[in-house]
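The values are calculated or read from the model by the stated rules, or taken from the named source; none is laboratory data. Because the structure is predicted, anything quoted here is derived from the model rather than measured. As a convention, Cβ positions derive from the backbone with ideal geometry for all residues, glycine included, and neighbour counts pool all protein chains shown. Note: areas computed on protein heavy atoms with side chains; ligands, DNA, RNA excluded. Shrake-Rupley method; radii C 1.70, N 1.55, O 1.52, S 1.80 Å.
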Amino acid sequence: MVRARDAAGNRDVNTVERCLTTGAASCIDYATVIQPIFNAECVQCHAGANPPRNLHLDSYAGVIAGGLTGNEVVSCQPSSSLLYQKVSMTTPPVGARMPADGPPYLTTSQIGAIQQWIAEGGRRSCAEPDPCSDAV
């Protein structure tokens, strides 16, 4: 609920309630936020003809297609996404923590951006509909 109050301290006394879903405070754009992380930290291994587990992190299509495990990005579910698990967990469920040449690993802000991007549906751009939020 929200009650209005002006600079003089006068408060709104209404009793009407409405329900709504707010939009995300921000949106993580793949091209400007996520791809630069992958370019700096991941494509040394995850690009070219034979990347590990056939996972190409050098393009949006490669990330979304996934590799041999097929669950690298589970839209709206970072904790179920192997990509997020591999960069954030000390002991991921498959293989070793990434990037393989770490430590240092990804920064907390880089991991947070990947987590938020997946939580928002792993969209190519913020102009695409958000598959995770209420459309009403």
What is the number of the single condition among (1) under 19 Å from Pro36 (Cα atoms); (2) touching a Pro at 6+ places or on another chain (Cβ under 7 Å); (3) open to solvent by 50 Å² or more (accessible area, probe 1.4 Å); (4) touching a residue at least 24 places away in the same chain (Cβ under 8 Å) that Tyr105 does not meet?
(4)
Across the range 56-108, the tally of residues that are among the acidic types (Asp, Glu) and either assigned to a helix (DSSP H, G or I) or over 23 Å from Cys132 (Cβ atoms) (or both) stands at 2
Would you check which residues across the range 32-55 are closer than 16 Å to Leu82 by Cα and open to solvent by 50 Å² or more (accessible area, probe 1.4 Å) and list them?
Pro52, Arg53, Asn54
Kindly list the number of the only condition in (1) modelled with pLDDT under 95; (2) of a type outside the set (Gly, Ala, Ser); (3) outside any helix (DSSP H, G or I) that fails for Arg53.
(3)
Of the residues in the range 6-31, how many are at pLDDT below 70 and open to solvent by 70 Å² or more (accessible area, probe 1.4 Å)?
10
Determine whether Arg124 is part of a loop (DSSP other than H, G, I, E, B), in contact (Cβ under 8 Å) with a residue 40 or more places away in the chain and out of contact with any Cys (no Cβ under 9 Å at 6 or more places or on another chain).
yes
